[in-house]
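**Q** Below are the structure tokens for one structure; questions will follow.
What follows is calculated from the coordinates using simple rules that are stated; it is not laboratory data. As the structure is a prediction and not an experimental result, all values here were calculated from the model. Heads up, the Cβs are rebuilt from the backbone with ideal geometry, glycines too, and the neighbour counts pull from every protein chain shown.
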Amino acid sequence: MKVLQKLTPLVAVVSAISLTSFQPINAVNFGEKNIEEDNVAIIATPFRHGYTLMLVEQIPDQRRCWSEYGSNPVVIDPLLLEFDFTYVCKRSTDSNGYSIRLDQEDIGMDYLIDIVEEDGELHLVGIHRNPKVPRLYIGKTNGITEGSLKIFLNKGWQLTKRTYQGIETEHFYLSGSSVAINSTEATNCPAVVGVHQ
């Protein structure tokens with residue numbers, strides 16, 4: 001009985017901490033910050049039987065992290081794989097490093113990022129967990145060939161960095177605006193946006 005009496009306040013404290021400290025990720029209000037996109041390469045990298053997305057950020061005044069050649073498509077030579085790129089390049093290769101943000105709302109929990117081949121080029125797309133929801137077409141390579149290829153963002157999309165309480169983090173957003181994407185200037189985008197749930 002005495003043990004139970006001693007444990008009761010402890011359980012109450014732990015419960016209070018749990019309720020206040022461990023909020024769902026959706027409850028966190030992240031912001032975003034524009035970045036110098038020329039310092040980041042958006043790359044479709046061969047992986048198994050397809051492609052995967054890799055973002056490489058160049059730290060200014062350091063050894064080059066990648067080189068480009070050709071056009072339609074532009075081939076990327078990922079130079080960072082040839083040396084220790086610590087403090088020289090930053091690399092993001094999965095959902096820990098990037099996600100989709102649309103109209104100031106994080107939708108990374110609902111959309112998976114993939115690279116698909118359609119009409120003779122590679123498309124960077126957001127695929128909703130509900131297969132009935134149309135894809136988001138975010139970028140494309142303007143052709144296809146062997147090797148790693150540069151992805152160009154479609155109109156209405158840009159790269160930003162996630163912020164938390166005004167502080168920039170290392171997490172990238174593929175950030176879109178429905179108004180810009182659906183504008184007459186962006187009619188070359190295969191998907192109409194405004195259906196995320």
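**Q** Taking neighbour Cβ counts within 10 Å as the exposure measure, how do H123, H171 sort from fewest upward? Write down the numbers at each step before the final one.
**A** Values: H123 22, H171 19.
With the sparsest Cβ surroundings first, the list reads H171, H123.
**Q** Also: Dividing the convex hull volume of the Cα atoms of the stretch 30-186 by its residue count, what figure in Å³ per residue is obtained? Working shown, then result.
**A** Values: hull volume 21.0 nm³, N = 157.
In the stretch 30-186, the Cα convex hull volume per residue is 134 Å³.
**Q** I would also like to ask the following. At 0.36 nm per residue, and after removing the present C-alpha to C-alpha distance, how many nm does the segment from S95 to F152 gain when stretched out fully? Mind dumping the intermediate values first?
**A** Details: separation 57, 0.36 × 57 = 20.52 nm, distance 1.94 nm.
Roughly 18.6 nm would be gained on extension.
**Q** Please arrange V74, V179, V133, V125 by how many other C-beta atoms lie within 10 Å of their C-beta, fewest to most.
**A** Details: V74 19, V179 12, V133 15, V125 22.
Sorted ascending by nearby Cβ count, the order is V179, V133, V74, V125.
**Q** Counting only C-alpha contacts under 8 Å and six or more residues apart, can you give the relative contact order of the stretch 30-186 as a whole percent? Can you show the working numbers first?
**A** Details: 327 pairs, mean separation 41.3, N = 157.
Relative contact order here is 26 percent.
**Q** If you don't mind, there's one more thing I want to ask. Could you list which residues have their amide H under 5 Å from that of I35, counting only those 5 or more apart in sequence or on another chain, with H placed in the peptide plane?
**A** The answer is K161.
**Q** Cut-off is 10 Å between beta-carbons; in what order do F83, F152, F172 appear when sorted fewest neighbours first? All intermediate terms of the calculation are to be shown ahead of the outcome.
**A** On the way: F83 11, F152 14, F172 22.
Ascending number of Cβ neighbours within 10 Å: F83, F152, F172.
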